[in-house]
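Some notes on the structure that comes next.
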């Protein structure tokens with residue numbers, strides 16, 4: 001990549017200085033436990049919306065999923081629609097308000113704590129904490145590798161050094177400034193991302209001669225889809241894949257439903273609902289959040305698909321061929337080739353911001369899960385009083401774990417980490433979380449059963465059936481001599497379609513057969529919740 | 001429509017934009033609703 005290093009260097013430096021200033025501001029404003037864990041429950045709606053959005057959208061959502069759209073086409077826009085409708089509207093309006101009130105009623109400062117206190121179970125809090133503590137570092141590992149690779153290629157720094165610098169910078173403001181620092185820096189990063197993606201969209205359409213013209217150009221080259229993809233059901237970049245084909249299942253079950261619904265039970269996102277004072281802030285955040293996500297995934301998927309039309313006009317090649325078969329390179333190749341140099345600099349910063357905003361929230365969530373939920377509340381039964389100190393140690397340990405994992409584990413295991421984590425959250429937490437805030441009849445036993453069934457059925461499906469993870473993990477191969485235990489369409493059905501309904505059913509049945517939670521406790525939980 | 005033949009794609013393209021606008025309308029209509037002091041007992 002040929003870039004004016006001086007301009008890029010200065011831009012990155014200015015950016016980092018502002019990040020440090022915001023981190024310091026977070027540190028100054030952190031006085032009590034609530035400040036460190038849930039930003040004092042008094043965050044501005046604009047900051048909430050951008051922080052939620054920037055955490056939600058990592059570099060991989062732009063580069064990875066944008067590249068996937070370069071290969072699969074605009075059908076991915078169904079995921080963008082899910083991101084806006086489920087990820088923002090339903091999340092804020094239907095889940096957010098109840099979560100905020102219950103979090104306040106129960107004085108909960110993390111997502112596992114909300115669930116644990118609602119069902120009167122330290123086990124739920126501890127188990128959720130350890131689940132997050134074990135599986136989230138994998139997900140963090142992949143974001144970290146992506147961010148470090150970016151710093152390596154753009155600034156020309158050695159990969160190991162890049163990884164260390166990125167880790168230390170993010171660790172510094174997360175550990176000292178807590179969630180206030182995380183959310184302030186997120187808001188800056190989110191603003192950068194919004195501006196960058198808006199410019200990207202406009203430039204892409206201008207390059208291709210207009211909105212309708214660009215789409216038409218893409219429709220016209222459907223005959224260029226490689227034979228292997230056509231066999232899988234691909235019918236062109238402006239068409240849905242053939243109904244029921246492997247590509248259709250992958251698109252609809254894993255991408256649209258798996259990622260689209262999985263977002264509701266992401267601990268690092270749920271905790272954000274507890275950072276605002278009232279529902280007014282949540283309503284205002286919806287105003288910012290909807291357009292923000294449209295500008296992120298909507299633009300990334302549209303531009304990813306349209307890159308085919310651009311490369312066809314310039315090089316007589318489709319994007320997949322330009323990127324040498326690696327979908328992760330489609331967006332970077334397109335940016336470098338189609339955009340003016342100044343924008344390349346800005347876009348590099350956008351990607352760095354996207355990586356840092358996701359990383360910081362992951363560190364904070366993992367640290368609170370291990371330090372506060374697992375160690376302090378479950379192992380020590382809440383008997384030690386220094387929540388913030390324990391959490392800081394938790395954050396430091398989990399950061400170390402994700403760096404070590406990023407080095408030790410082969411990429412084939414880390415690459416599916418995002419979908420593993422999303423699937424696990426949807427199965428283990430979502431049914432119990434829905435029960436916690438909507439269904440008073442759900443019992444402690446029902447919640448525990450649902451969590452355990454969700455966890456283990458999701459993990460089993462990933463390890464033994466869903467080919468995308470089962471094959472690289474190799475557990476099924478080692479135990480049974482077969483890459484997957486089931487064959488045919490089952491191997492492309494995402495765990496969320498199997499494990500989540502199973503966990504939900506378990507939760508309902510077990511709850512109905514066990515005695516309800518005491519009325520006084522429910523009254524406390526649902527105080528002021530209509 | 002919009003240079004896209006498959007209705008499953010142009011519909012979702014339009015829905016994405018409409019849903020984002022819908023979020024803005026919802027936010028604007030409820031801009032001052034749900035303040036802490038007016039919550040129901």
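All of the numbers you see were taken from the coordinates with simple rules; none came from a lab. Treat the numbers as computed from the prediction; the structure is a model and nothing was measured. A quick note on method: Cβ atoms are made from the backbone with ideal geometry, for glycine too, and the neighbour counts reach across all protein chains shown.
Listing for the model above:
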| read-out | value |
| --- | --- |
| Helix A:279-293 vs. chain A, principal-axis angle (Cα, 0 to 90°, nearest 10) | 20 |
| For residues of A:212-220, the mean tally of beta carbons on other chains within 10 Å | 3 |
| Residue-averaged beta-carbon neighbours from other chains (10 angstrom radius) around A:280-293 | 6 |
| Chain A - mean residue ellipticity at 222 nm from DSSP helices (-39,500 (n - 2.57) per run, n ≥ 4, rounded to 500) | -22000 deg cm²/dmol |
| Rel. contact order, % - alpha carbon contacts under 8 angstrom, at least six apart, chain A | 27 |
| With Cα atoms, 0 to 90° folded angle of helix A:496-513 axis to chain A main axis | 10 |
| Principal-axis tilt of helix A:387-408 within chain A, Cα atoms, nearest 10 degrees | 40 |
| For chain B, alpha-carbon Rg over 2.2 N^0.38 Å | 1.91 |
| Distance histogram in 5 Å bins (all Cα pairs of the stretch A:7-69, percent per bin) | 4, 14, 12, 19, 21, 14, 10, 5, 1, 0 |
| Order of A:234, A:364, A:386 - criterion: other Cβ atoms within 10 Å of each residue's Cβ, fewest first | A:386, A:234, A:364 |
| Relative counts (whole %) of C-alpha pair distances in the protein assembly as shown, using bins that are 20 Å wide | 22, 57, 21, 1 |
| Cα-based shape type of the stretch A:387-530, given that a ≥ b ≥ c are square roots of the gyration tensor eigenvalues and the cut on a/c is 1.5 | oblate |
| Relative contact order for the stretch A:431-505, counting Cα pairs under 8 Å that sit 6 or more residues apart, in percent | 35 |
| Once the Cα gyration tensor of the stretch A:288-339 is diagonalised, semi-axes √(5λ) in Å | 24, 11, 9 |
| Fewest-first sequence of A:160, A:279 by Cβ atoms within 10 Å of each Cβ | A:160, A:279 |
| Sequence-separation-based contact order of the stretch A:76-165, relative, with Cα cut under 8 Å and 6+ spacing, percent | 12 |
| Dimensionless Rg over Rh [the stretch A:1-154; C-alpha; Kirkwood] | 1.01 |
| Sorted by Cβ density within 10 Å, fewest first, the residues A:301, A:203 | A:203, A:301 |
| Within 10 Å of each Cβ in A:72-81, the average number of Cβ atoms from other chains | 5 |
